[in-house]
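Student: The following block contains the structure, expressed as structure tokens.
The values are calculated or read from the model by the stated rules, or taken from the named source; none is laboratory data. Every value quoted in this text rests on a predicted model; they were computed, and no experiment measured them. Reconstructed Cβ throughout: ideal geometry from the backbone, glycine too, with neighbour counts over all protein chains shown. For accessibility, only protein heavy atoms count, side chains too; no ligands or nucleic acids. Shrake-Rupley method; radii C 1.70, N 1.55, O 1.52, S 1.80 Å.
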Amino acid sequence: MQELIEEYDAVEASEMQKLQKLRVFMTDSKFEDFQESIARLEADHPSMKGIYTILDADTVLKEYGIHGASGGALLPAGTVWPYRLVTKVFDALLKKYPGRLTIETNTAVEAVEYDEKFLTPITSVFPYTLRTSRGPMRAASVIYCTNGYSGHLLPCLRGRIHPFKGTMTVQDPGTSIPNQGKFVSWGFHYPPTYEPDTQRHGYGLYYLGQSAKTGYFYFGGENTRIDEAVSADDSFVASHSVSHLQSVLPRFFGKEDKAPWKLVSSWSGIMGFSSDGLPLVGRLSPALTGRRGEGEWIAAAFNGYGMANCLMAGEALALMILGKK
Ligand SMILES: Cc1cc2nc3c(=O)[nH]c(=O)nc-3n(C[C@H](O)[C@H](O)[C@H](O)COP(=O)(O)OP(=O)(O)OC[C@H]3O[C@@H](n4cnc5c(N)ncnc54)[C@H](O)[C@@H]3O)c2cc1C
């Protein structure tokens with residue numbers, strides 16, 4: 001990703017930063033599980049030994065100012081403003097390949113059909129028809145980069161891939177916290193929760209970055225009813241999700257006795273989660289498409305880590321489609 005950002009001259013626009021990520025474990029059992037899994041990782045992949053530095057609770061509190069943790073781990077990481085990066089790269093690609101690349105926004109694909117009879121020269125080269133809200137389009141191959149929405153066009157994938165909503169807030173801590181945005185980003189791990197009375201589910205992770213420029217915290221996670229969380233509807237931001245994030249963040253910095261920090265903005269987005277936690281990248285079999293034909297492919301289910309993983313997944317998929325290793 002760093003190479004891509006540099007190649008497209010997007011370091012400044014996307015506010016790319018190399019820093020350390022502090023993963024914070026809020027219970028002893030989470031911290032123990034993590035240390036065991038790092039030991040297994042290092043045993044299986046000796047080249048990765050030493051990537052994580054384990055920190056005890058005292059160090060997490062005294063050196064990083066995080067309250068209530070059972071322990072932590074540091075690893076080399078980076079932050080980037082994804083929307084700015086993606087739009088800058090697409091803008092450059094549109095200029096570079098004006099005859100080959102078009103981006104059709106607000107054009108939902110409503111159905112995919114496969115013509116297996118090859119009756120005309122066109123259908124033999126372009127056997128797929130994409131029915132869209134702006135009319136049909138013919139294609140030689142179809143690549144689904146539809147992540148959490150994949151089950152809409154590929155019903156056989158429902159359950160294997162499901163949408164999962166995440167809410168983000170931007171909170172202004174004012175002068176109450178020193179700006180550490182250049183040096184560290186954070187992830188907070190806690191055991192998933194479920195409250196039968198409210199049916200609210202906390203899925204076990206909060207993520208946090210701080211803008212080195214403004215000091216604003218970008219804090220996300222989800223705590224909402226299961227039917228709202230496992231949903232592809234991002235047309236609204238649940239106010240209880242936002243107020244939950246506003247109440248949780250100051251606690252991590254020991255500032256819960258103060259008024260909530262100013263909410264600068266908030267939004268929700270849909271992620272694609274898979275039942276085994278792994279992305280789905282490759283050719284779709286007729287059993288999954290419900291159609292004959294060998295020309296349907298997918299790169300989806302990034303389980304909330306797509307910005308980090310979908311670049312190389314896309315490259316791998318392109319090589320597969322070209323028949324290369
Ligand atoms: C709150 C939140 C925080 C996140 N934080 C991180 C993070 O810190 N690090 C990280 O790596 N990732 C993070 N992610 C995940 C990251 O955003 C996704 O993994 C990434 O966007 C996946 O990219 P994608 O192109 O596969 O899918 P998406 O970005 O979901 O894009 C899918 C696209 O398909 C379109 N689409 C769907 N169906 C159709 C159809 N029928 N016709 C036409 N178009 C269709 C949708 O409109 C959408 O534009 C976060 C996500 C959320 C919501």
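Student: With respect to the cross-link table entries LYS30/LYS62; LYS49/LYS182; LYS18/LYS258; LYS21/LYS62; LYS88/LYS262; LYS182/LYS262, which display a Cα-Cα separation exceeding 23 Å?
Tutor: Those over the limit are LYS49/LYS182; LYS18/LYS258; LYS88/LYS262.
Student: As an exercise, use a Förster radius of 41 Å and the Cβ-Cβ distance of LEU61 and THR87 to find the FRET efficiency, rounded to the nearest 0.05. It would help to have the intermediate numbers written out before the result.
Tutor: Numbers: r = 40 Å, r/R0 = 0.97.
Taking R0 as 41 Å, the efficiency between LEU61 and THR87 is 0.55.
Student: Hey, in the GNM for the chain with a 10 angstrom Cα cutoff, which one of GLY215, GLY174, GLY78 fluctuates hardest?
Tutor: GLY174
Student: Could you pull out every residue, at least 5 positions away or on a different chain, whose amide H is within less than 5 Å of the one on ILE66? Hs are placed 1.01 Å off N in the peptide plane, and Pro or chain starts have none.
Tutor: LEU61
Student: With each run of n ≥ 4 DSSP H residues scored as -39500 (n - 2.57), what mean residue ellipticity at 222 nm is computed for the chain after dividing by its residue count and rounding to the nearest 500 deg cm²/dmol? All intermediate terms of the calculation are to be shown ahead of the outcome.
Tutor: Values: 10 runs with 93 residues, N = 325.
Result for the chain: -8000 deg cm²/dmol, rounded to the nearest 500.
Student: Another question, then. Considering only DSSP beta bridges with both partners in the chain, what is the antiparallel share in %, to the nearest 5? The partial results should precede the final answer.
Tutor: Details: 58 of 68 bridges.
If we restrict to bridges inside the chain, about 85 percent are antiparallel.
Student: Taking one equal scatterer on every alpha-carbon of the chain, how large is log10 of I(q)/I(0) by Debye at q = 0.12, 0.15 1/Å?
Tutor: Taken in order of the listed q values, log10 I(q)/I(0) reads -0.99, -1.42.
Student: Also, I was wondering about something else. Tell me the carbon and sulfur percent of the accessible area for the range 213-271, rounded to whole percent, probe radius 1.4 Å. If you can, show how the numbers build up before the last one.
Tutor: Values: 1540 of 2880 Å².
On the range 213-271, the fraction of accessible area on carbon and sulfur atoms equals 54 percent.
Student: Another question about this same structure. Keeping all protein chains in place, calculate the accessible area per residue for the range 23-128 (probe 1.4 angstrom), answer in Å².
Tutor: Per-residue value: 66 Å².
Student: In degrees from 0 to 90, rounded to the nearest 10, what is the angle of the helix 82-96 Cα long axis to the longest principal axis of the chain?
Tutor: 30
Student: Return one number: the angle in degrees, 0 to 90 and rounded to the nearest 10, between the long axis of the Cα atoms of helix 239-252 and the longest principal axis of the Cα atoms of the chain.
Tutor: Orientation of helix 239-252: about 40 degrees from the principal axis.
Student: To continue, here is another question. Can you give the longest run of the chain that contains no chymotrypsin sites (Phe, Trp or Tyr not before Pro) sitting in a DSSP loop with at most 15 other Cβ atoms inside 10 Å?
Tutor: On the way: sites that count: PHE118, PHE183, PHE236, TYR305.
Longest stretch, sites excluded: 1-117.
Student: Related question: Only Cα pairs within less than 10 Å get springs; with that Gaussian network setup on the chain, which residue of THR120, THR167, THR27 has the largest fluctuation?
Tutor: THR120
Student: Residue by residue through the range 62-67, which ³J(HN,Hα) values in whole Hz follow from phi under the Karplus form 6.51 cos²θ - 1.76 cosθ + 1.60 (θ = phi - 60°), with glycine and proline marked x?
Tutor: Each residue's phi maps through the Karplus curve to give 6, 8, 10, x, 9, 9 Hz.
Student: Could I ask something else about it? In the range 1-98, which trypsin sites (Lys or Arg not before Pro) fall in coil by DSSP and have 15 or fewer other Cβ atoms within 10 Å? Provide the component values of the computation, followed by the final result.
Tutor: Details: sites: LYS18, LYS21, ARG23, LYS30, ARG40, LYS49, LYS62, ARG84, LYS88, LYS95, LYS96; in loops: LYS49.
Hits after loop and neighbour filter: LYS49.
Student: Which of these, THR214, THR289, THR175, has the largest mean-square fluctuation under a Gaussian network model of the chain (Cα springs below 10 Å)?
Tutor: THR175
Student: Could you run the Karplus curve 6.51 cos²θ - 1.76 cosθ + 1.60 with θ = phi - 60° over the range 26-33 and give me ³J(HN,Hα) per residue in whole Hz, x for Gly and Pro?
Tutor: In residue order, the calculated couplings are 8, 9, 4, 5, 5, 5, 5, 4 Hz.
Student: In sequence order, what are the phi-derived ³J(HN,Hα) couplings for the range 279-286 according to the Karplus relation 6.51 cos²θ - 1.76 cosθ + 1.60 with θ = phi - 60°, rounded to whole Hz, with x for glycine and proline?
Tutor: Along the range 279-286, the couplings run x, 10, 9, x, 6, 8, 7, x Hz.
Student: With a Förster radius of 35 Å, plug the Cβ-Cβ distance of PHE236 and ASP28 into 1/(1 + (r/R0)^6) and report the FRET value to the nearest 0.05. Please list the in-between numbers first.
Tutor: Numbers: r = 37 Å, r/R0 = 1.06.
The calculated FRET efficiency here is 0.40.
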